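Structure, as structure tokens:
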Amino acid sequence: MRIIAVKTLREFWESHADAEQPLKAWYKEATDVRWLEPNDIKLRYPSADILPGNRIVFNIKGNAYRLIVKIHYNTGIVFIRFVGTHAEYDKINAETI
């Protein structure tokens, strides 16, 4: 998959150092696969939440952080929409961000 807005991940781990390695690991795995449908993601990430609008919520670092992406399965592009703490996640609408 091609990841758009990696800068968002980097900016987050610069202020949350404990998220750096888990986010880098997620990025490496995501760029090495081709997800064709949400079930492909659930096979590897059973705790991921599938949302309307091709959005996926990943738990990062043992559920310490949340990562929301929007996937265009037909083009193989993953757009980073949000990365943050649970408190920050609770303040947004994951289905529209």
- Message: Using the basic label-point model (7 angstrom from Cα toward the beta carbon), what is the R44 to R10 distance in nanometres?
- Response: 2.2 nm
- Query: Which distance in Å, rounded to a whole number, links the C-alpha centroids of the range 9-38 and the range 59-97?
  - Reply: 11 Å
- Note on the structure: For S15, the accessible surface traced by a 1.4 Å probe with all protein chains present amounts, in square angstrom to the nearest 10, to 80 Å²
- Query: What is the Cα convex hull volume of the chain when expressed per residue in Å³?
  - Reply: 87 Å³
- Working from Cα positions, state the angle (0 to 90°, nearest 10) between the long axis of helix 20-31 and the longest principal axis of the chain. 10 degrees
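Please report, in debye to the nearest 20, how large the charge dipole of the chain is about its Cα centre when each Lys and Arg carries +1 at its beta carbon and each Asp and Glu carries -1 there. Spell out each step's value before the answer.
Values: 14 positive and 12 negative charges, 44 e Å.
The calculation lands at about 220 debye.
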- Query: GNM, the chain, Cα, under 10 Å: largest mean-square fluctuation among T75, T31, T85?
  - Reply: T75
- Note on the structure: Over the range 28-97, with neighbouring protein chains present, the accessible area per residue in Å² at probe 1.4 Å is 54 Å²
- Item | Coil-residue GluC sites (Glu not before Pro) of the chain, DSSP, other Cβ within 10 Å capped at 13 | E95
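The values are calculated or read from the model by the stated rules, or taken from the named source; none is laboratory data. Keep in mind the model is a prediction, meaning the values are calculated, not measured. With ideal geometry, Cβ positions are generated from the backbone for all residues, glycine too; neighbour counts draw on all protein chains shown. Just the protein is used for accessible areas: all its heavy atoms, side chains included, with ligands, DNA and RNA removed. Shrake-Rupley method; radii C 1.70, N 1.55, O 1.52, S 1.80 Å.
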